Amino acid sequence: MMKNESNVMGTSEECLLCGAPLKYLEKAERMECVYCHRTFVADVCCENGHYVCDDCHTSGVDAIVHVCMDSRTKNPYEILERMMQMPFCHMHGPEHHAMVGAALLAAYHNAGGTVDLLQTLPEMVRRGRQIPGGVCGNWGACGAGISVGIFTALVTHSTPLTAEPWRLSNEATAQALTLISKYGGPRCCKRDTYLALQAGIAFAKAHWGVEMEGGKPHCHRMKQNNQCLLAACPFFKA
């Protein structure tokens, strides 16, 4: 999928087709995706009426499996940055819901954690893509935070019928969402993704003694985000 021209020029990205700002509807309507031409019940489109479904928005996200398999770093931020530079990743979008957990799985493995990447990475992508775009505001649960819970569920082999793994995966999600919520809205998928990784790193160390590398990334994508919090964002770089 081609990115809009305004994003290529380094300015604000909204609609993937025309670059116009997005608008959220009070009541969901049936809309046709401008790329695959399937119809969906959705509550968002751009000011010009263009709608892009989650499947098309996340087209190409399977490439993160190869990125993670080839990675040797213990730092999930470094892995995430490689993903963010790939054509499938936009300023905002549900692709981030798979990227967080995948970066954590790879860094956790590289830091000595016991996890089968061949099995868990494709499953991480599958589960992450099931989280719709816009859930941060519509459901009250940012998909980047939920992705930390999926990472934990895959590490612990959690299912709806397990005991301690079930508890841990929900606790991981709760901690990530709590950290994300401290900075408030509006949404920024980059900020929330960085915060989710921060929570995942801390959770893995506290519960399994696996120390991934961290640090504090500096965001350089302010011009691509109409809703940037600027200095109020912990990753803002003037």
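The values are calculated or read from the model by the stated rules, or taken from the named source; none is laboratory data. Everything numeric in this text was worked out from a predicted model, so none of it was measured. Every residue, glycine as well, gets a Cβ built from its backbone with ideal geometry; the counts of neighbours run over all protein chains shown. Just so you know, the surface numbers come from the protein's heavy atoms only, side chains and all, with ligands and any DNA or RNA stripped out. Shrake-Rupley method; radii C 1.70, N 1.55, O 1.52, S 1.80 Å.
Structure data summary
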{"quantity": "Subset tally (residues that are open to solvent by 60 Å² or more (accessible area, probe 1.4 Å) and of a type in the set (Gly, Ala, Ser)) for region 10-32", "calculated": "0"}
{"quantity": "Residue 216 vs. criteria among the charged types (D, E, K, R), part of a helix (DSSP H, G or I) and open to solvent by 20 Å² or more (accessible area, probe 1.4 Å)", "calculated": "no"}
{"quantity": "Residue 165 being surrounded by fewer than 19 Cβ atoms within 10 Å (Cβ to Cβ) and in a helix (DSSP H, G or I)", "calculated": "yes"}
{"quantity": "Residue identified as in contact (Cβ under 8 Å) with a residue 40 or more places away in the chain, small (Gly, Ala, Ser), buried (at least 16 other Cβ atoms within 10 Å of the Cβ) and over 20 Å from residue 157 (Cβ atoms) among 113, 101, 60, 93", "calculated": "93"}
{"quantity": "Region 66-76: number of residues that are of a type outside the set (Ser, Thr, Tyr) and either assigned to a loop (DSSP other than H, G, I, E, B) or open to solvent by less than 30 Å² (accessible area, probe 1.4 Å) (or both)", "calculated": "6"}
{"quantity": "Residue ID - least open to solvent (accessible area, probe 1.4 Å), chosen from residues in region 152-162 that are outside any loop (DSSP other than H, G, I, E, B) and among the polar types (S, T, N, Q)", "calculated": "152"}
{"quantity": "Among the residues listed as 133, 145, 149, 137, the single one being assigned to a helix (DSSP H, G or I) and in contact (Cβ under 8 Å) with a residue 60 or more places away in the chain", "calculated": "137"}
{"quantity": "Selection from region 219-233 of residues that are surrounded by fewer than 17 Cβ atoms within 10 Å (Cβ to Cβ) and more than 18 Å from residue 90 (Cβ to Cβ)", "calculated": "230, 231, 232"}
{"quantity": "Residue, surrounded by the most Cβ atoms within 10 Å (Cβ to Cβ), within region 77-90, restricted to residues that are in a helix (DSSP H, G or I) and touching a Leu at 6+ places or on another chain (Cβ under 7 Å)", "calculated": "80"}
{"quantity": "Among the residues listed as 178, 173, the single one being on the phi < 0 side of the Ramachandran plot, in contact (Cβ under 8 Å) with a residue 24 or more places away in the chain and in a helix (DSSP H, G or I)", "calculated": "173"}
{"quantity": "Residue match in region 33-48 (condition: in contact with a Pro (Cβ under 7 Å, 6 or more places away or on another chain), open to solvent by less than 50 Å² (accessible area, probe 1.4 Å) and either touching a residue at least 12 places away in the same chain (Cβ under 8 Å) or on the phi > 0 side of the Ramachandran plot (or both))", "calculated": "yes"}
{"quantity": "Boolean, residue 194 is closer than 30 Å to residue 19 by Cβ, in a loop (DSSP other than H, G, I, E, B), among the aromatic types (Phe, Trp, Tyr) and touching a residue at least 12 places away in the same chain (Cβ under 8 Å)", "calculated": "no"}
{"quantity": "Close pairs from region 63-83: first in contact (Cβ under 8 Å) with a residue 12 or more places away in the chain, partner part of a helix (DSSP H, G or I) and open to solvent by 30 Å² or more (accessible area, probe 1.4 Å), Cβ under 7 Å, at least 6 apart", "calculated": "65/122; 67/82; 71/110; 72/110; 73/110; 74/110"}
